């Protein structure tokens, strides 16, 4: 994929220590995620391995976005559970009120 002129000038290749500092995780975490396809693989430059900075930054941004979506889903689940709880409580309260009315009528009529 060709890079535009601005990207070519600003792109850096990061060492593993730079990647660790950028994402806040140790090398073992990074390599585990590479093996599972959840982190961008490095490129070889001679005998050295490096990560294009843009790939690492894009991964960080994807994690942030994924977390936002997860939090939104969690919040929606909590709201749904809360609303379901209110519905259940409302139904239970309605049944209780109805039972009290039935008992009142039965008592008034001397049937119980």
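Derivation of every value follows stated rules applied to the coordinates shown; laboratory data play no part. Model, not experiment: these values are computed from the prediction. Ideal geometry is used to build each Cβ from the backbone, glycine not excepted, and the neighbour counts take in all protein chains shown.
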Give me the base-10 log of I(q)/I(0) for region 5-84 at each q in 0.22, 0.23, 0.25 Å⁻¹, Debye formula, one uniform scatterer per Cα, rounded to two decimals.
-1.03, -1.09, -1.21
For residue 109 and residue 18 in the same chain, what is the full-extension length gain: residue separation times 0.36 nm, less their Cα-Cα distance, in nm?
24.3 nm
Calculated FRET efficiency, residue 67 and residue 11, Cβ-Cβ r, R0 22 Å, to nearest 0.05?
0.25
